[in-house]
Amino acid sequence: MKLYIILVAVIAVILIVSGIVILIHNVSQQQTNLTKVVFPDQNQISSILGNGWNITGLFEENYSSAVKQQYPGGTALFQEYIQKGNQTITLNVIQLNSSTTTLKGVKIGKYLVSANITGNSSKFDLSSIENLEIETLKSGNGLKPELNQLLFPANSSVSLLEFGNAITKNYTLYFETIMYNNSYISIDLANSSNVSSLFTYLLRSTGQNVTVSTINGVKYFNLSFVSQYGSVYYFVGIKDNYLIFMQSQMPQAFQFFVEISNKV
C-alpha cells in the first residue's frame, strides 16, 4: 500500500481531476459545425495571457460513463492545461449528448467550452482564454491530445478510455487507461534523463524485499496487494530514459508491460 501512495504522489500531475468550482459565465449558444476538438498553441496562449504561461498538458477522455458522472450530459472530455507558477488554467471542452445542458459554459455546436483556474487566482478573468478556445475550435487548427506511439491504441480487444501527456518539473509524462477483458489497465511513461533516480526511489520505497528482474533490456519489479476493491498489480520498469509504470486489476496485464518493453 505504501508503494501505491508514493506512486500516486509522483504520477498525480497527470490525474488533474476536478472537484473544483468552474469560474465561468452562464451558457450562451453559438451554432456552428465542428469536426474535431483542438486547442490554442503556445504562441496563441502567450499572446492572450502574456509571458510565463506555458502549456503543460493535453488530455482526452472517451469513457462516457465516467464523463457523465463528472459532467452530466457529457459523453467525452477534452482538456488543455496551462501553468504559470502555482496557477493552473484548465480549458475544458465537453462533448454533449443533447442540445440542452445544465452545465455552465459557452455552447458551440455539440460542444461546451469552459475554463477553471487553481492556485493564487482570486481575481483572474477567464473570458479571454475561453474566447480564444472558441475561435480555435471554429478554425479547426490547433493542438489536440495525441497517443504516444509506445502506448496502445484501441482495437478489437482493447478499448482506449483516456490518454494524454503532461510536463512536470522533472519529467514528461505520457499516459493512458485502457480496458481489456473487462479490466482497467493504467499505463504511465515518464521520460527524462533522470528517471533512474525515480526508479531507485520507488524501489526503495516499497518497504519490501522485491526482486528486480530484466526482460527485453528493461529492468523491472512488480508488486501486488489486496485492497477493499480487490487485487491490484503494479509493474515498474526502466530502460534508457523511460520509466514504465503500470497498474492493473489482473496479473495478465503483464503482457502489455512486455509489449511496451519491446518498443522502448
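The values are calculated or read from the model by the stated rules, or taken from the named source; none is laboratory data. Every value quoted in this text rests on a predicted model; they were computed, and no experiment measured them. Here the Cβ positions follow ideal geometry from the backbone for every residue, glycine too, while neighbour counts run over all protein chains shown. In case anyone asks, the SASA skips ligands and DNA or RNA and just uses the protein heavy atoms, side chains included. Shrake-Rupley method; radii C 1.70, N 1.55, O 1.52, S 1.80 Å.
Some observations on this one:
- Sorting 163-172, 134-143, 202-211 by their mean Cβ neighbour count within 10 Å, with the most densely packed peptide first, gives 163-172, 134-143, 202-211.
- Relative contact order computed over region 42-139 (Cα-Cα under 8 Å; 6+ residues apart), in percent: 21 percent
- Linear extension gain, K68 paired with T35, 0.36 nm per residue minus alpha-carbon span: 9.8 nm
- Simple spin-label estimate for V226 and S127 in nanometres, 7 Å along Cα-Cβ: 5.9 nm
- Efficiency of FRET from Cβ geometry, N182 and N216, R₀ 35 Å, rounded to 0.05: 0.80
- Angle between the chain longest axis and helix 254-263 axis [Cα atoms, degrees, rounded to 10]: 80 degrees
- Sulfur and carbon atoms: percent of accessible area, region 158-263 [1.4 Å]: 43 percent
- Computed from point charges on the beta carbon alone (+1 for Lys and Arg, -1 for Asp and Glu), the dipole magnitude for the chain about its Cα centre is near 300 Debye.
- Backbone HN-Hα couplings from phi across region 111-116 [Karplus 6.51/-1.76/1.60, Hz, Gly and Pro as x]: 10, 10, 9, 8, 9, 9
- Residue-averaged [θ]222 nm for the chain, counting only DSSP H segments that reach four residues, each worth -39500 (n - 2.57): -6500 deg cm²/dmol
- Helix axis angle, 195-205 relative to the chain longest principal axis, alpha carbon, degrees: 70 degrees
- Remark: the Cα gyration tensor places the chain in the prolate category, a/c being 1.5 or greater and a/b exceeding b/c.
- On the basis of the beta-carbon distance and an R0 of 22 Å, N241 and N141 show a calculated FRET efficiency of 0.10.
- Contact order normalised by residue count of the chain, Cα under 8 Å, 6+ apart, percent: 17 percent
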